[in-house]
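The values are calculated or read from the model by the stated rules, or taken from the named source; none is laboratory data. None of the values given here were measured: they were computed from a predicted structure. All Cβ positions, glycine included, derive from the backbone under ideal geometry; neighbour counts span all protein chains shown. To get the accessible areas, we keep the full protein, side chains included, count just its heavy atoms, and leave off ligands, DNA and RNA. Shrake-Rupley method; radii C 1.70, N 1.55, O 1.52, S 1.80 Å.
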Amino acid sequence: MDALGGDHAPEEVVAGALEAAGPDLVPILHGPEGLDTGGLELVVAPDRIGMDEKPADAVRAKPESSLVAACRTVGEGRAEAVVSAGNTGAMLAAGLRELRRLPGVHRPGIAVTLPARRGPSVLIDAGANADARPEHLLQFGHMGAVFAEEILGVRRPDVRLLSIGEEPEKGNHLTLEAHALLAASELRFGGNVESRELLAGAADVVVADGFTGNVCLKLLEGTIRTILDALRQEIVATPRGRLGSLLIRPAANRLRRRLDPDTYGGAYLLGLRGLAVIAHGNSSRTAIANAIRLAARGVENEVVGRLAERLSERGRVGALVNRNVR
């Protein structure tokens, strides 16, 4: 755990780590000497990388920062996953430095599981690469498909490209060229998809460049939170609403748990030799605890090993998907 990562660190990070800790899940905190960890192990890392720092420069200048040290602990085999709510770009840079890329991977991508109506859907890249080339989007499609097959258990996942219209000719130069590459690949490519269809379950895997994917993700999260909060306020605004809330409370709580970003906690940074989970910068202790649990599930499901195996099966990323499920 990067104890200094996030808007509410270290208090909320430590609290989340303590909430997630158990016999089979032991968080190791990385932060300054004297940090109150509540009994959890502390690896002393005196420096902190701020959200406003240039990622690559900060990682080089602060090798003893909590974020870099946490990645190093995983790279050295002293922990099985790293979790940080800190600077996303720095997490990517530190991951590349301390964990390194899997063979054949050009750009790691953030894979976020969206709570779509017809089942979980993967959005990749959700923020690791603000600038990307068409071949990177093709690779995101392959990595997302492998993730959907191996981790989410989706048989022959369908892949679509996030754009401003469903027609193949809609989009900018990047999406037009990426569309052509995806259409010519062995992926089960279904063409373009618009953002308004994401929560309906537009595809098992939705491919985007990191800039577009991150904007889309934050818009979805903000919209969900605003609607849920507004609904709660309307329900308790009148005596009749408060009475009715007793009847709908179980369903409303189920809906909130399914849609609330804190429920998922974070997202996997796919394409590295070690498991990395990126949490929201404004994560609460609940979100931190769930991000740690997400990391634990990734370890249990051997996300990195299974992804590496599938990526190397035929010697290149473009020949991975649409094979028979084991």
- Starting from the Cα of Lys54, step 7 Å along the direction of its Cβ; do the same at Leu25; then give the gap between the two resulting points in nm. 3.8
- Counting only heavy atoms of protein chains, what accessible area per residue, in Å², does the chain have with a probe of 1.4 Å? 47
- Residue by residue, what Karplus-based ³J(HN,Hα) values in Hz, rounded to whole numbers, does region 206-223 have, using 6.51, -1.76 and 1.60 with θ = phi - 60° and x for Gly and Pro? 10, 9, 8, 6, x, 5, 5, x, 5, 4, 5, 4, 5, 5, 4, 4, x, 5
- Quick one: of the DSSP bridges fully inside region 1-141, what percent are antiparallel, nearest 5? 45
- Message: If I compute solvent accessible area with a 1.4 Å probe over the protein chains, what percent of it on region 1-124 is carbon and sulfur?
- Response: 49
- Amide H contacts under 5 Å for Ala9, restricted to residues at least 5 apart in sequence or on another chain and with H modeled in the peptide plane, are none
- Query: Once every DSSP H run of n ≥ 4 in the chain is given -39500 (n - 2.57) and the sum is divided by its residues, what mean residue ellipticity at 222 nm do you get, rounded to the nearest 500 deg cm²/dmol?
  - Reply: -14000 deg cm²/dmol
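What is the Cα convex hull volume of region 134-185 when expressed per residue in Å³?
Numbers: hull volume 3.8 nm³, N = 52.
Enclosed volume per residue, from the Cα hull, is 73 Å³.
Using the eigenvalues of the Cα gyration tensor, what equivalent ellipsoid semi-axes result for the chain when each is taken as the square root of five times the eigenvalue, whole Å, largest first? Write out the running numbers ahead of the final one.
Working: eigenvalues 180, 160, 63 Å².
Values for the chain, descending: 30, 28, 18 Å.
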- Message: From the phi angles alone, apply the Karplus equation (6.51, -1.76, 1.60; θ = phi - 60°) to region 109-118 and give each ³J(HN,Hα) in whole Hz, x where the residue is Gly or Pro.
- Response: x, 8, 9, 9, 8, 8, x, 5, 5, 9
- Mind checking which lysines have their C-alpha under 26 Å from Lys170, skipping anything on the same chain fewer than 8 residues away? Lys218
- Task: Multiply the residue separation of Glu169 and Arg156 by 0.36 nm, subtract the distance between their alpha-carbon atoms, and state the gained length in nm to one decimal.
- Result: 2.1 nm
- Can you work out ³J(HN,Hα) from phi for every residue in region 75-81, in order, using Karplus 6.51 cos²θ - 1.76 cosθ + 1.60 and θ = phi - 60°, giving whole Hz and x for Gly and Pro? x, 8, x, 8, 8, 9, 7
- Once both label points are put 7 Å beyond Cα along the C-beta direction, the Glu234-Glu64 separation in nm becomes 5.5
- Cut-off under 5 Å, modelled amide H: who pairs with Gly86 long-range: Gly6, Ala279
- Message: Place a point 7 Å from Cα of Glu197 in the direction of its Cβ. Which residues in region 167-187 have their backbone N less than 12 Å from it?
- Response: 167-168
- Message: If I model a spin label as a point 7 Å beyond the Cα along the Cα-Cβ vector, how far apart are those points for Leu219 and Arg78 in nm?
- Response: 4.4
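Where nothing but the Cβ of Lys and Arg (+1) and of Asp and Glu (-1) is charged, how large is the charge dipole of the chain around its Cα centre, in debye to the nearest 20? It would help to have the intermediate numbers written out before the result.
On the way: 39 positive and 41 negative charges, 203 e Å.
Roughly 980 debye, rounded to the nearest 20.
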